[in-house]
Amino acid sequence: MNMKTNNLIHAVLLGFICTILPSCERGLSGDADFATYPKNPDVFIDGFSSGLEYRPFAGSKFTAFTVDNQTKYAGSASMRFDIPNVGDPSGAFAGAIFPDNGGRDLSGFDALTFWAKASQGATLNEIGFGNDFGENKYLVALNNMRISTAWTQYTIPIPDPSKLTYEKGLFWYSEGPEGGNGYTIWIDEVKFQKLGTVAQPRPAIFDGQDKSQQTFIGVNSTVTGLTQTFNLGSGEDITVATAPSYFTFSSTNVDVARVSEKGVISIVGTGTAKITAILNGVKAKGSMTIESLGAFVAAPTPPARTPADVISVFSDAYTNIPVDFYNGYFAPFQTTLGGADLTINGDNIIQYTALNFVATEFKNPTVNVSQMTHLHVDIQIREAIDPGDFISIELGDFGANGAFGGGDDSSARVQFTSGSLTSNQWISLDIPLTSFVMASKSNMAQLFFISDATISTILVDNMYFYK
Amino acid sequence: MKRGNQSEAGSRFVTARRILLATLFAAMLSCTDDTQTVAKLNTLVMADEFDTPGAPNSTLWNYDIGTGQNGWGNNELQFYTDRASNVTVQNGYLIITAQKESYNGSSYTSARILTKGKFEQAYGRFEARMKLPWGQGVWPAFWMLGADIDSVGWPTTGEIDIMELRGQDPTVLLGTIHGPGYSGGQSISKSYTLKNGRFDTDFHVFGIEWGPSYINFYVDDVLYNQITPANVPQNCDPELFNLNQSCWVFNKPFFILINLAIGGNFVGAPNGNTVFPQTMLVDYVRVYK
């Protein structure tokens, strides 16, 4: 909460600084000498290049990486990665970064290239460069790289080489078992190159989609789905996931929304703004049109209560019980999107869209609410209410076995029809638990909102049982 | 920039005349003219620099309109038009644009211009400076046909493809001749691959130097192929030629064509990754003798 406020202050401060800067800009004197870093393109040819280190990810199998002198594409050695089986006590996956912490100047190259093969056909989760266990400012990942048993050359293009004048993260990867089984990957001749054939850049934000959202002053969100696509000399298109710092973001109305160089969108006023981006002079496909509805009216703050009198599932006023999720995405019938991902001025709020039904689940452990008297929920319906609209709240108890199924589950629901609902303002519900007629309330584990798609967008806050 | 030592030309049908090539390369490397180092025919007889905005110069260029027969004989997918959205001159360039649009029953539109009946010449140096389109199913070409095509037909009339490119192979140029007994899949062709560049990101000069007994193919300052009468079949149909006479037909006037085709047998159809519109830019077309 505080961090987000600070970001906003920083954004505002930056705005001031930027407006001041042009008046005090000064040229470089002839004595100015920029620090330069080695332009060494080699990462791993037949051994570690100068300065290269091995740093495995926490939780990974630390011994997954070895230098293999038997199997290699060229020269005398390759990098060998032994992906663990599921259940390997030494690590659930293999993953590491290979940094040169002295930094390199990679701005003269356009791609990282390497040869790779595996002991079986597989899909490597992530591989790329720009990961330095620090800011990861220029992180690049090729996701789901298909790999076969034959040596194949791979090209991971640099989204904008001019950014990489001081890059530490030369190479990184992360991969788990395939269908539960470990296997081996060999990678060789890892180096940056100036291919001259990496062309036709097509950057994208929001996965290339033109999105829109309603929001409020004080809400922060992040530009997602950042990619850069190139056409390689082979004619193949390749798309990499790209860190925000490769992009220059802009807002059509900075009095409504500002976007930082890290792609954090801050809503500062009422109105409409469109967020777009440019990568190395090329306009990115995709945008976010923001409609800021102005100041957000928070749900009524729950009264102070003795902790023993409250079992809170979701509120900023009380200590919450462990919750598994605020949206179970139950296939195949659920359409509901969203969950507890809205924070407005430090107030955490659940937002559901495309609602038909959705469950919050708190089964680890289940909760005994038999001593409580009421369920409290604040709901705000973000659309007009039609005569047939309703919202039902359903409680689910997992019974004595504390788990779903087993013949001891019970549930009950309370329905609120259109006459008792109003739009665009908080509806505070205090429902006597006696209204939920069910076999057990000692192993409570689920709370559903059900509209059968009559109402699609709601905000939810302050879900708790009390007495 | 000298690219002579970076040639990766792969001969498929023609035995390279290594000694002659070596001589030419040596001559080229010793030459200091950076823009043209392989050609010797230097008397300009025709040039279109595309400096007048609007439609192409009508004293020089005609249009082929429509889909021809069977997609111009290749199952091409585009409908050729003379609309400015498909062909125009702007900012010193001829711009041919392939659009993805429904038009007269076709799914794509584009343009093909030709000098038939307006500029026809036997022999000489024919070249164009172009920046090419790219992507699966995109097929730009700068080429020539025999001026007697309407009386003798294709392939007897002869065809010289100075530049063809498959958009899915953005680094690979093809230079080809077609004639009686060596057309279509039996054409005499050679590719040239740019090692550190592509044909869709910068302008390149594509040309031939054509004399009575040879056609030299070059790109920029690299001569990458020579085809002579000895390379073509020697036993043409006796009704057209004397037996034991070479099927070489490049001894009469030809006209110039520039087009951007979409789909067809040579490249296959575009796919979901093919970006439209696609543009081909032509800085100039020049003919020397």
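The values are calculated or read from the model by the stated rules, or taken from the named source; none is laboratory data. Treat the numbers as computed from the prediction; the structure is a model and nothing was measured. Note that each Cβ is placed from the backbone with ideal geometry, even for glycine, and that neighbours are counted across all protein chains shown.
Which one is farthest from residue A:187 (Cα to Cα) among residues in the range A:66-90 that are in contact with a Lys or Arg (Cβ under 7 Å, 6 or more places away or on another chain) and surrounded by 19 or more Cβ atoms within 10 Å (Cβ to Cβ)?
Per the stated criteria, the residue is A:84.
Just wondering, is there one or more residues in the range A:129-145 that are more than 14 Å from chain B (Cβ to nearest Cβ), under 26 Å from residue B:194 (Cα atoms) and surrounded by fewer than 21 Cβ atoms within 10 Å (Cβ to Cβ)? Spell out how you get there, then give the answer.
Residues of the range A:129-145 more than 14 Å from chain B (Cβ to nearest Cβ): A:129-145.
From the residues that got through so far, the ones that are under 26 Å from residue B:194 (Cα atoms) too are none.
Within the range A:129-145 (the criterion being more than 14 Å from chain B (Cβ to nearest Cβ), under 26 Å from residue B:194 (Cα atoms) and surrounded by fewer than 21 Cβ atoms within 10 Å (Cβ to Cβ)), the answer is no, since none of the residues qualifies.
State all residues of the range A:255-270 that are exposed (fewer than 15 other Cβ atoms within 10 Å of the Cβ) and over 22 Å from residue A:241 (Cα atoms); if no residue qualifies, say none.
Taking the range A:255-270 as the starting set, the residues that turn out to be exposed (fewer than 15 other Cβ atoms within 10 Å of the Cβ) are A:255, A:261, A:270.
The answer is A:255, A:270.
Run down B:134, B:154, B:139 and say which single residue is in contact with a helix residue (DSSP H, G or I) (Cβ under 9 Å, 6 or more places away or on another chain) and not in a strand (DSSP E or B). First the steps, then the outcome.
Values: B:134 fails: in contact with a helix residue (DSSP H, G or I) (Cβ under 9 Å, 6 or more places away or on another chain); B:139 fails: not in a strand (DSSP E or B).
After ruling out the rest, the residue left standing is B:154.
Checking the conditions here, which among A:393, A:455 is in the same structural domain as residue A:323 (by TED's automatic domain parsing), touching an Asp or Glu at 6+ places or on another chain (Cβ under 7 Å), at pLDDT 95 or above and closer than 18 Å to residue A:356 by Cβ?
Working: A:393 fails: touching an Asp or Glu at 6+ places or on another chain (Cβ under 7 Å).
Step by step, each of A:393, A:455 is checked, and only A:455 is in the same structural domain as residue A:323 (by TED's automatic domain parsing), touching an Asp or Glu at 6+ places or on another chain (Cβ under 7 Å), at pLDDT 95 or above and closer than 18 Å to residue A:356 by Cβ.
Mind listing whichever residues of the range B:133-148 are away from every other protein chain (no Cβ under 14 Å) and either out of contact with any Lys or Arg (no Cβ under 8 Å at 6 or more places or on another chain) or under 17 Å from residue B:191 (Cα atoms) (or both)? Give the derivation first.
Applying the first criterion (away from every other protein chain (no Cβ under 14 Å)) to the range B:133-148 yields B:140-148.
If the condition is that a residue be away from every other protein chain (no Cβ under 14 Å) and either out of contact with any Lys or Arg (no Cβ under 8 Å at 6 or more places or on another chain) or under 17 Å from residue B:191 (Cα atoms) (or both), then B:140, B:141, B:142, B:143, B:144 are the ones that fit.
Any chance the range B:160-182 includes a residue that's more than 28 Å from residue A:231 (Cβ to Cβ), of a type in the set (Asp, Glu) and in contact with a strand residue (DSSP E or B) (Cβ under 7 Å, 6 or more places away or on another chain)?
Taking the range B:160-182 first, the residues more than 28 Å from residue A:231 (Cβ to Cβ) are B:160, B:177-182.
Still in the list and also of a type in the set (Asp, Glu): none.
So far as the range B:160-182 goes, no, none of its residues is more than 28 Å from residue A:231 (Cβ to Cβ), of a type in the set (Asp, Glu) and in contact with a strand residue (DSSP E or B) (Cβ under 7 Å, 6 or more places away or on another chain).
Kindly list the number of the only condition in (1) at positive phi; (2) within 15 Å of the chain's Cα centre (by Cα); (3) surrounded by fewer than 23 Cβ atoms within 10 Å (Cβ to Cβ) that fails for residue B:172.
Evaluating residue B:172 over (1) at positive phi; (2) within 15 Å of the chain's Cα centre (by Cα); (3) surrounded by fewer than 23 Cβ atoms within 10 Å (Cβ to Cβ) leaves (1) as the failure.
Look through the range A:198-226, keep the residues that are within 14 Å of chain B (Cβ to nearest Cβ) and in contact with a Ser or Thr (Cβ under 6 Å, 6 or more places away or on another chain), and return whichever of them is nearest to residue A:73 (Cα to Cα). Give the derivation first.
Applying the first criterion (within 14 Å of chain B (Cβ to nearest Cβ)) to the range A:198-226 yields A:198-204, A:208.
This time we only want the ones that are in contact with a Ser or Thr (Cβ under 6 Å, 6 or more places away or on another chain), so: A:199, A:202, A:204.
Values: A:199: 27, A:202: 32, A:204: 35 Å.
Only one residue fits best here, namely A:199.
Please state which of the following conditions residue A:348 fails to meet, knowing it meets all the rest: (1) in a loop (DSSP other than H, G, I, E, B); (2) under 19 Å from residue A:300 (Cα atoms).
Condition (1) is where residue A:348 drops out.
Name the residue, out of A:168, A:191, that is closer than 28 Å to residue A:35 by Cβ, more than 14 Å from chain B (Cβ to nearest Cβ) and surrounded by fewer than 20 Cβ atoms within 10 Å (Cβ to Cβ). Outline the logic, then answer.
Details: A:168 fails: surrounded by fewer than 20 Cβ atoms within 10 Å (Cβ to Cβ).
Unique residue meeting the criteria: A:191.
Of the residues A:409, A:378, A:430, A:389, which single one is surrounded by 16 or more Cβ atoms within 10 Å (Cβ to Cβ), closer than 25 Å to residue A:315 by Cβ, of a type in the set (Asp, Glu) and in contact (Cβ under 8 Å) with a residue 12 or more places away in the chain? Walk me through it before giving the result.
Details: A:409 fails: closer than 25 Å to residue A:315 by Cβ; A:430 fails: surrounded by 16 or more Cβ atoms within 10 Å (Cβ to Cβ); A:389 fails: closer than 25 Å to residue A:315 by Cβ.
Result of the check over A:409, A:378, A:430, A:389: A:378.
One line per residue, one yes/no per condition, for (1) buried (at least 24 other Cβ atoms within 10 Å of the Cβ); (2) within 15 Å of the chain's Cα centre (by Cα):
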position: B:253; (1), (2): no, no
position: B:258; (1), (2): yes, yes
position: B:261; (1), (2): yes, yes
position: B:264; (1), (2): no, no
position: B:268; (1), (2): no, no
position: B:271; (1), (2): no, no
position: B:276; (1), (2): no, no
position: B:281; (1), (2): no, yes
position: B:288; (1), (2): no, no
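For the condition more than 14 Å from chain A (Cβ to nearest Cβ) and within 18 Å of the chain's Cα centre (by Cα), what is the one hit in B:151, B:110?
Numbers: B:151 fails: within 18 Å of the chain's Cα centre (by Cα).
So the residue among B:151, B:110 that is more than 14 Å from chain A (Cβ to nearest Cβ) and within 18 Å of the chain's Cα centre (by Cα) is B:110.
When residue A:126 is evaluated against the numbered criteria (1) assigned to a strand (DSSP E or B); (2) of a type outside the set (Val, Ile, Thr); (3) closer than 23 Å to residue B:196 by Cα, which criterion, by number, is the only one it fails?
(3)
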